[in-house]
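Just so you know, all these numbers are worked out from the coordinates, no wet-lab data involved. The structure displayed is predicted, hence computed values, not measured ones. Methodologically, a virtual Cβ is constructed for each residue, glycine included, from the backbone with ideal geometry; neighbour enumeration extends over all protein chains shown.
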Amino acid sequence: MTSPRASVHKRITTMYLLLRMMQAAALIVYLVGSLLLTGGQIAAGRAPMWGVAIDYPLFSFPGLLSLVVSVIGLILAAAVLATARVNDSGRVGGAFAATGAATASSAMFAWMLPSEGATEATLRWVAAGLDGAATVVLMVAALILAVRDDRARQREGRLIWTPGQES
């Protein structure tokens, strides 16, 4: 039976992962759609490489939306870390991986998409920076929790994973 804290942690982590994976999925949709529909043009400084079905950009990702998603992500990341315990190292590691993908998405959108003004571009780059900061924090937390989890397993006489170990 799981504790109420573990149940809350699982729900928060699931919401966080969904948010971050939607960011990564938006980039994949944008890149594949651009490949197929805008003649392979993914950035403003480039020209279409073949016939164009839809004018570039395929869609826009407004700077304010990028920032709002990143701030929501930071709030959820803080909640994931606040409710995490040593045995949640796998979930925190997964959150780190998803945040890395979201950071790549934010940075790519900041770099690729045209902006109506400097504010739009700035908001996108701030969002990418916030996502990058969350990635670093989650990476450190995942490493610390993994080491502590391994030590706890050793103390309890349970198996720990080591490189080269067969499943």
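Tell me, what is the percent relative contact order of the chain, built from C-alpha pairs under 8 Å that lie six or more residues apart?
On the way: 201 pairs, mean separation 45.0, N = 167.
Value for the chain: 27 percent.
The loop-placed chymotrypsin sites (Phe, Trp or Tyr not before Pro) in region 1-106, going by DSSP, that have at most 12 neighbouring Cβ atoms within 10 Å of their Cβ come out as TRP50, PHE59.
The equivalent ellipsoid that matches the C-alpha gyration tensor of region 91-135 spans semi-axes of 24, 9, 5 angstrom, in descending order. When all alpha carbon pairs of region 6-65 are counted in 10 Å bins from zero, the resulting P(r) reads 22, 35, 22, 13, 7, 1 %.
Below 13 angstrom from the Cβ of ARG158, what's the summed charge of the other residues (Lys, Arg +1; Asp, Glu -1)? Intermediate values should be presented prior to the final figure.
On the way: positive: ARG151, ARG153, ARG155; negative: ASP149, ASP150, GLU156.
Computed value for this residue: 0.
Between 0 and 90 degrees, the angle of helix 4-37 with respect to the longest Cα principal axis of the chain falls at about 30 degrees.
Relative to one another, the C-alpha centroids of region 101-128 and region 1-19 are positioned 30 Å apart.
Provide, for q = 0.12 Å⁻¹, the log10 of I(q)/I(0) from a solvent-free Debye sum over equal Cα point scatterers in the chain. For the requested q values the scattering log ratios are -0.64.
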